[in-house]
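A.B. asks: Quick one: this structure, given as structure tokens, is what I'll be asking you about.
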Amino acid sequence: MTDLAERRGVETELYEPAEDSALLAGAAVDGVDAEDRVLDVGTGSGYVAARVRAETGAHVVGSDVNPHACRRAAEAGVETVRADLVSPFRAAVFDVVTFNPPYLPADEDAARDDWVEVALTGGTSGRAVVDPFLDKVGRVLRPDGTVFLLVSSLTGIEAVVQRAGERGFSSVVVAETSFPYETLVVLKLVR
Amino acid sequence: MKEDLMDIICCPLDKQTLELSITDEDDGDIIEGTLTCTECGEVYPIEDGIPNLLPPDMREDASA
């Protein structure tokens, strides 16, 4: 996976903002109001969280499992919590949840032994993190809340839409960009 | 962290209320302290202003 990491211009301690981050931030900004409370899961550098807050005035909290990411996001002025997905947040407290997950399918033997691997890869299917996220996000979201989720064609967009459907969400593509090797979409999920 | 974060966080294990204990605070920012679950008693540290609310079993193996 090192070549992917290099191609995406990442450092060794956290995933730097790239095309996918900008696509997600742009889509989220359009769907967030100033009075909303927003959670950016896997906030990384804090890019999406900081942009959503700056451009909407919403109250934005970032969470990340990576301590380096938490520090960087905090330095970017984002209120940050070190967390496993949405586990330490109360029920029905967020109007909007954004997530640019690790989604690249990994080789069977690729170890998730460094933080960039953790940020990029989602198991052999690419959905090892997206699936538990979809299973759990409904708890912290208000009943009329919205999820903005970045998904790659490499992950299987249909499989993600189906999983979301099983969790009571309908999905619509609100942003899309294509590269020679993959198409990135932002799914807007509502119940 | 800001104290109003208490309104939206809970114990990652049993989702119960956390009790905040502050050891260092700077102009409304809580820099060091602990968050203790009022139900199961698990203690979560606040370090450099960032609450570590990882479940206990993830604290060690998440330190790559």
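The values are calculated or read from the model by the stated rules, or taken from the named source; none is laboratory data. Since we're looking at a predicted model, the values are computed, not measured. Here the Cβ positions follow ideal geometry from the backbone for every residue, glycine too, while neighbour counts run over all protein chains shown. Keep in mind that these areas ignore ligands, DNA and RNA; they rest on the heavy atoms of the full protein, side chains included. Shrake-Rupley method; radii C 1.70, N 1.55, O 1.52, S 1.80 Å.
A.B. asks: Starting from residues that are among the acidic types (Asp, Glu) and assigned to a loop (DSSP other than H, G, I, E, B), keep the ones in region B:29-48 and report whichever is farthest from A:Ala83 (Cα to Cα). Spell out the reasoning first.
C.D. replies: Taking region B:29-48 first, the residues among the acidic types (Asp, Glu) are B:29, B:32, B:39, B:42, B:47-48.
From what is left, the residues that are assigned to a loop (DSSP other than H, G, I, E, B) are B:39, B:42, B:48.
Numbers: B:Glu39: 19, B:Glu42: 15, B:Asp48: 15 Å.
Only one residue fits best here, namely B:Glu39.
A.B. asks: Considering A:Thr121, A:Thr155, A:Thr80, which residue is buried (at least 18 other Cβ atoms within 10 Å of the Cβ) and closer than 19 Å to A:Val174 by Cβ?
C.D. replies: A:Thr155
A.B. asks: Please enumerate the residues belonging to region B:29-64 that are touching a residue at least 24 places away in the same chain (Cβ under 8 Å) and closer than 19 Å to A:Gly62 by Cα.
C.D. replies: B:Asp29, B:Ile30, B:Leu35, B:Tyr44, B:Ile46, B:Gly49, B:Ile50, B:Pro51, B:Leu53, B:Leu54, B:Pro55
A.B. asks: When you scan region B:15-28, how many residues do you find that are open to solvent by 60 Å² or more (accessible area, probe 1.4 Å) and part of a strand (DSSP E or B)?
C.D. replies: Taking region B:15-28 first, the residues open to solvent by 60 Å² or more (accessible area, probe 1.4 Å) are B:15-17, B:19, B:22-27.
Then keep just the ones that are part of a strand (DSSP E or B); that gives B:19, B:22-26.
Total meeting the criteria: 6.
A.B. asks: Within region A:14-28, take every residue that is touching a Ser or Thr at 6+ places or on another chain (Cβ under 7 Å) and surrounded by fewer than 18 Cβ atoms within 10 Å (Cβ to Cβ) and give me the one that is farthest from A:His68 (Cα to Cα).
C.D. replies: Filtering region A:14-28 for residues touching a Ser or Thr at 6+ places or on another chain (Cβ under 7 Å) gives A:14, A:16-17, A:19, A:23-24, A:28.
From what's left, surrounded by fewer than 18 Cβ atoms within 10 Å (Cβ to Cβ): A:16, A:19.
On the way: A:Glu16: 12, A:Glu19: 21 Å.
That would be A:Glu19.
A.B. asks: Hey, which of the strands (runs of 3 or more DSSP E) in region A:30-119, taking only ones fully inside, have at least 1 residues that are of a type in the set (D, E, K, R) and more than 10 Å from chain B (Cβ to nearest Cβ)? Full working, then the answer.
C.D. replies: Details: elements: A:37-41, A:59-64, A:79-82, A:94-99.
Result: A:37-41, A:94-99.
A.B. asks: Condition (residue is under 16 Å from the mean Cα position of the chain (by Cα), of a type in the set (Lys, Arg) and within 14 Å of chain B (Cβ to nearest Cβ)) applied to region A:139-146: is it met by at least one residue?
C.D. replies: no
A.B. asks: I'd like the full set of residues that are more than 19 Å from A:Glu79 (Cα to Cα) and within 13 Å of chain A (Cβ to nearest Cβ), limited to region B:41-59. Break it down into steps so the answer makes sense when it comes.
C.D. replies: Here is the first cut: in region B:41-59, the ones more than 19 Å from A:Glu79 (Cα to Cα) are B:41-43, B:55-59.
Selection gives B:Glu42, B:Pro55, B:Pro56, B:Asp57, B:Met58, B:Arg59.
A.B. asks: Can you pull out every residue in region A:174-189 that is surrounded by 14 or more Cβ atoms within 10 Å (Cβ to Cβ) and hydrophobic (A, V, I, L, M, F, W, C)?
C.D. replies: Matches in region A:174-189: A:Val174, A:Ala175, A:Leu184, A:Val185, A:Val186, A:Leu187, A:Leu189.
A.B. asks: Quick one: how many residues across region A:158-169 are under 16 Å from the mean Cα position of the chain (by Cα) and surrounded by fewer than 15 Cβ atoms within 10 Å (Cβ to Cβ)?
C.D. replies: Number satisfying all stated conditions: 0.
A.B. asks: Let me ask something else about it. Could you please tell me which pairs satisfy a Cβ distance under 7 Å, a separation of 6+ or placement on different chains, a first residue in region A:167-180 that is farther than 16 Å from A:Asp30 by Cα, and a second residue that is open to solvent by 80 Å² or more (accessible area, probe 1.4 Å)?
C.D. replies: A:Gly168/A:Arg191; A:Phe169/A:Arg191; A:Thr177/A:Glu19
A.B. asks: Another question about this same structure. Kindly indicate which of B:Thr38, B:Thr17 is away from every other protein chain (no Cβ under 13 Å) and modelled with pLDDT of 95 or more.
C.D. replies: Going through B:Thr38, B:Thr17 in turn, the sole match is B:Thr38.
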